[in-house]
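The structure appears below as structure tokens.
The values are calculated or read from the model by the stated rules, or taken from the named source; none is laboratory data. Keep in mind that this is a model prediction, so the values were computed, not measured. FYI the Cβ positions are ideal-geometry reconstructions off the backbone, even for glycines, and counts take in every protein chain you see.
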Amino acid sequence: MADLAIETGGLTKRFRRQVAVDGIDLAVPRGAVYGFLGPNGSGKTTTIRMLLGLVGATAGGMQVLGEDMPSSTSTVLPRVGALVEGPAFAPFLSGAANLERLDTADRSAPGATRRARVASALERVGLAHAARKRAHAYSLGMKQRLGLAGALLMPRELLVLDEPTNGLDPQGTREVRALIRSFADDGTTVFVSSHLLAEVEQLCTHVGVMSAGRLVAQGPLDAFRDGGAARVHLRTPDAGSAQRVLDRLGLTTDAPESTPHADGAEVVATLSDDVRPEEVVAALVADGVRVRGFDVRHASLEERFVALTGEGFEVAR
């Protein structure tokens with residue numbers, strides 16, 4: 001339990017007859033960048049709200065930074081930075097003034113160092129040049145970065161970010177991604193919800209997948225991807241002979257690609273647990289199949305998601 005920044009047991013939230021979160025058991029290791037995946041409406045934001053004490057759980061328990069929530073809210077939340085459903089600021093105050101106002105509301109924040117901490121947070125998110133600019137004139141990407149600066153006004157052990165790249169253009173997305181990496185490099189645990197697979201694959205060390213209120217899978221990103229069946233991709237001018245060999249080995253093959261290639265057709269087959277890749281190559285060569293390329297690929301994050309939930313997923317913006 002000491003190695004987990006977030007742990008839940010049977011965490012459930014019902015809104016009258018609707019079950020928004022259905023008995024989930026989260027395990028977020030300290031120091032991880034945990035990608036909380038799921039389509040819109042899968043229960044991600046409701047889970048985050050329960051973790052932060054913004055809404056009460058119907059059933060189950062949870063610990064954040066080793067302490068029970070929500071009973072330890074006063075001691076836990078000062079160690080947690082959060083950005084939930086996009087930042088909101090006073091539009092006619094400057095970025096710096098908005099952060100000073102936010103910091104004033106934090107009882108654990110020392111007033112004597114407020115301006116220095118605001119300046120440092122703005123510098124870290126690349127907004128020092130716009131500190132005196134009014135918030136209404138900020139771009140969407142700048143507002144997201146200002147929200148991240150607000151989460152960094154005090155030292156944080158855990159950052160909880162709900163769709164931090166939502167609505168950003170590619171440049172803004174890259175900027176926020178770089179910021180999240182820098183937080184993790186400093187040893188901060190980052191819990192980031194997203195429906196963008198490309199972002200998760202580039203950022204995260206661990207993932208959890210939500211579907212219709214249930215946590216259907218979680219674990220290290222590499223192990224999660226490797227959990228799907230591996231497939232062999234074979235390039236050969238002897239596609240028919242290759243398929244016969246693969247069938248004999250008990251491998252399920254797809255139809256060869258119809259598009260001609262300089263090095264022959266591509267034959268794809270699912271690799272079974274009792275057949276090693278080198279055995280496949282040996283059998284092909286023994287039958288006179290000319291092998292011009294051979295590759296073993298594990299399921300992508302998108303393929304694993306679809307296999308688990310049967311739902312589509314947005315993979316790029």
Matching option when the condition is closer than 24 Å to residue 47 by Cα, among the basic types (Lys, Arg) and not in a strand (DSSP E or B), among 174, 181
181
Meets criteria (assigned by TED's automatic domain parsing to the domain that holds residue 42 and modelled with pLDDT of 85 or more) for residue 220:
yes
Is at least one residue of segment 126-136 closer than 25 Å to residue 31 by Cα, in the same structural domain as residue 96 (by TED's automatic domain parsing) and either within 13 Å of the chain's Cα centre (by Cα) or surrounded by fewer than 22 Cβ atoms within 10 Å (Cβ to Cβ) (or both)?
yes
Sort out which residues of segment 49-70 are surrounded by fewer than 22 Cβ atoms within 10 Å (Cβ to Cβ), in contact (Cβ under 8 Å) with a residue 60 or more places away in the chain and of a type in the set (A, V, I, L, M, F, W, C), and write them in order of number.
52, 65
Can you tell me which residue within segment 72-86, out of those that are more than 23 Å from residue 29 (Cβ to Cβ) and of a type in the set (Gly, Ala, Ser), is surrounded by the fewest Cβ atoms within 10 Å (Cβ to Cβ)?
74
Being within 28 Å of residue 170 (Cβ to Cβ), assigned by TED's automatic domain parsing to the domain that holds residue 172 and either among the aromatic types (Phe, Trp, Tyr) or assigned to a helix (DSSP H, G or I) (or both) narrows it down to one residue among 96, 119, 88; which is it?
96
Would segment 125-135 turn up any residue that is closer than 30 Å to residue 7 by Cα, assigned to a loop (DSSP other than H, G, I, E, B) and of a type outside the set (D, E, K, R)?
yes
